[in-house]
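I have placed the structure first, in the form of C-alpha cells, so that the comments after it can refer back to it.
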Amino acid sequence: MIVKHTSREGIMGKLKKKIDEKIPILIASAGSGLVASLLEKAGADCVNTFSGARLRANGMGTMSMMWPILDSNRQTLDYTREDIMPAIKGDTFICACLNANDPLKDMRMVLNECKAMGVYSVSNIGPSISYVDKDSEIYKVLTKSGITLDNEIEMLRLAKEMDMVSIGLAFDLEDSLRIMEEAQPDIFCYHAGTTKGGLKGYDSGEPLVETARRTEEANIKLRRIKPDVILIAHGAGLVTPEDGQYMLDNTSCDGIWTGSSTERIPIEKAVYATAKEFTDLRFSVKK
C-alpha cells in the first residue's frame, strides 16, 4: 500500500479555490478508518485525528482525553498512521490534533513524524489548556506546572516554519486573539463549546442563535488581526446540517468543523436502530 502524500501548497491551494468559488469548507473528526473513508467519500476537505475522537469511537466522551487515560500524542500518531492514512485515497488532507504541552516529547520530532506519514497539517486541540476555565483552581495548578497556551502557540508557529498548515483553536475570545496575534495560523476555529446531543453530548442550553453571535463576535476581531485567515465554525448549538446552514448564513465563517455531528451521533443512531430491528425479530409460527 502506498499512501498518497500532499503538501502545504496543495492544501492551501484547494481551500482558497473553494473560498473563491463560495463553497463552504468542511473539516470533520474521525476516530476510525471507516469513518475517515466515509468522510472523504462524502467530500470532506479535512479529516482531523485526535485522542478525543479515538476515545469517542470507544464510547467515551471527548473530554475523557483530559484525564491520564492514555498518552494523547502517541495515541493520535499511532491510530493516524495505522487506521486513518491507509483508509483514505488522498482526496482529503489529514490534520493531527496534538498536545503541545507533552513534557516527554520534542514537538519538532512529533511534527517530523507527522510529515513522514503524510500528515501536513496540525492543530493545538489535543488537548488544549483553552478547554479549562480560567477562574478554576485546576487552571491555576496546570499553568503553574508549565501547561500553558504559550506552548501551543509555539507549536503552531513551528508547524508553519516546517511548511505545514497550522489550524488554531480556542474556547474563548482571549485565547483566540492570542493565538491569532502570536501564531498567525492559516486556519482558525472558534470552539463555541461541546457539541450537544447523543449519548455523551453535553447540552449547555445555549440556543443556536447565541452560538452564531459569539462566533461572529470572535470572527470580526480575528480578521482585524489577520484578514486572510480561514475561519471555521464549530461546537455548542451546531449539531445538524440545518444548524450548519444557519451558521454559514449568519456568520462570516468560511466553513464548519464537525466532530460528534458526523461521527459519534450518526453511529449511535444507525447502529442502535439496525441492532434493535434484529433483536426484535421473532421465530415465525410454523403451521
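At a glance:
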{"read-out": "Residues (without any contact (Cβ under 8 Å) to a residue 40 or more places away in the chain and within 20 Å of the chain's Cα centre (by Cα)) located in the stretch 19-30", "value": "I23"}
{"read-out": "Tally, over the stretch 30-86, of residues that are crowded, with 18+ Cβ neighbours inside 10 Å, outside any helix (DSSP H, G or I) and modelled with pLDDT of 90 or more", "value": "9"}
{"read-out": "Filtered residues of the stretch 1-17 (kept if small (G, A, S) and part of a loop (DSSP other than H, G, I, E, B))", "value": "S7"}
{"read-out": "Residue selected from the stretch 237-269 under the condition among the acidic types (D, E) and not in a loop (DSSP other than H, G, I, E, B), by the criterion surrounded by the fewest Cβ atoms within 10 Å (Cβ to Cβ)", "value": "D249"}
{"read-out": "Pair list, Cβ under 8 Å, 6 or more apart: the stretch 132-148 residue closer than 16 Å to L173 by Cα, other residue surrounded by fewer than 11 Cβ atoms within 10 Å (Cβ to Cβ) and at pLDDT below 95", "value": "V132/I138"}
{"read-out": "Some residue of the stretch 109-122 being in contact with a strand residue (DSSP E or B) (Cβ under 9 Å, 6 or more places away or on another chain), under 25 Å from A233 (Cα atoms) and part of a strand (DSSP E or B)", "value": "yes"}
{"read-out": "From the options Y272, Y190, residue that is surrounded by fewer than 17 Cβ atoms within 10 Å (Cβ to Cβ) and either in a strand (DSSP E or B) or without any contact (Cβ under 8 Å) to a residue 60 or more places away in the chain (or both)", "value": "Y272"}
{"read-out": "Any chance D150 is acidic (D, E), at pLDDT 95 or above and closer than 23 Å to L26 by Cα", "value": "no"}
{"read-out": "Residue list for the stretch 215-236, restricted to those being in a helix (DSSP H, G or I) and either touching a Pro at 6+ places or on another chain (Cβ under 9 Å) or buried (at least 19 other Cβ atoms within 10 Å of the Cβ) (or both)", "value": "T215, A218, N219, L222"}
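Here is a yes/no grid of residues against (1) of a type in the set (A, V, I, L, M); (2) touching a Ser or Thr at 6+ places or on another chain (Cβ under 6 Å):
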{"site": "G237", "(1), (2)": "no, yes"}
{"site": "E242", "(1), (2)": "no, no"}
{"site": "C253", "(1), (2)": "no, no"}
{"site": "I256", "(1), (2)": "yes, no"}
{"site": "T274", "(1), (2)": "no, no"}
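The values are calculated or read from the model by the stated rules, or taken from the named source; none is laboratory data. Just so it is clear, the structure is predicted and the values come from calculations on it, not from any experiment. Don't worry about glycine lacking a Cβ; one is built from the backbone with ideal geometry, like all the others, and counts go over all protein chains shown.
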